[in-house]
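Scroll down for the structure; my scribbles are underneath it.
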C-alpha cells in the first residue's frame, strides 16, 4: 500500500476549502499521492467545484496562497483539466475531502 505524504498544513487548508459551498472534492495527486515525494516536492491539489463563481475561485486561490507551507502548491481546477490529465488525477488522486 502506498503511503501518502501529507504536509502538516494541508488538513487546515482542506478544512478551509470545504467551507466553500461549490467545492465537492479536494484531491491530492502527483508524487505526494504516489508516496514518491522528496522533502521539497510541490503539493498537487485538484479541486472539483462545478459551478463555482469567480469569487469562490478567488477565495480558494487566496486560501492556497496563504497555506502555511514553504512548498509550492499547484492548484488544478478539475473542470478545466484536459481529458487525459483529468483521468490521471482521478486514477492516482487521493480524496482529501468529498461532499
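The values are calculated or read from the model by the stated rules, or taken from the named source; none is laboratory data. Here the structure is a predicted model, which is why all the values come from computation and not from measurement. Neighbour counts are summed over all protein chains in view; Cβ atoms, including those assigned to glycine, are modelled from backbone coordinates with ideal geometry.
Some values worked out for this structure:
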{"item": "Answer from 73, 60 - the residue that is more than 16 Å from residue 19 (Cβ to Cβ) and buried (at least 16 other Cβ atoms within 10 Å of the Cβ)", "result": "73"}
{"item": "Qualifying positions in the range 11-56 - assigned to a helix (DSSP H, G or I) and out of contact with any strand residue (DSSP E or B) (no Cβ under 7 Å at 6 or more places or on another chain)", "result": "11, 12, 13, 15, 16, 31, 34, 54, 55, 56"}
{"item": "Hits in the range 61-92 - residues which are touching a helix residue (DSSP H, G or I) at 6+ places or on another chain (Cβ under 6 Å) and either outside any helix (DSSP H, G or I) or modelled with pLDDT of 95 or more (or both)", "result": "63, 67, 73, 75"}
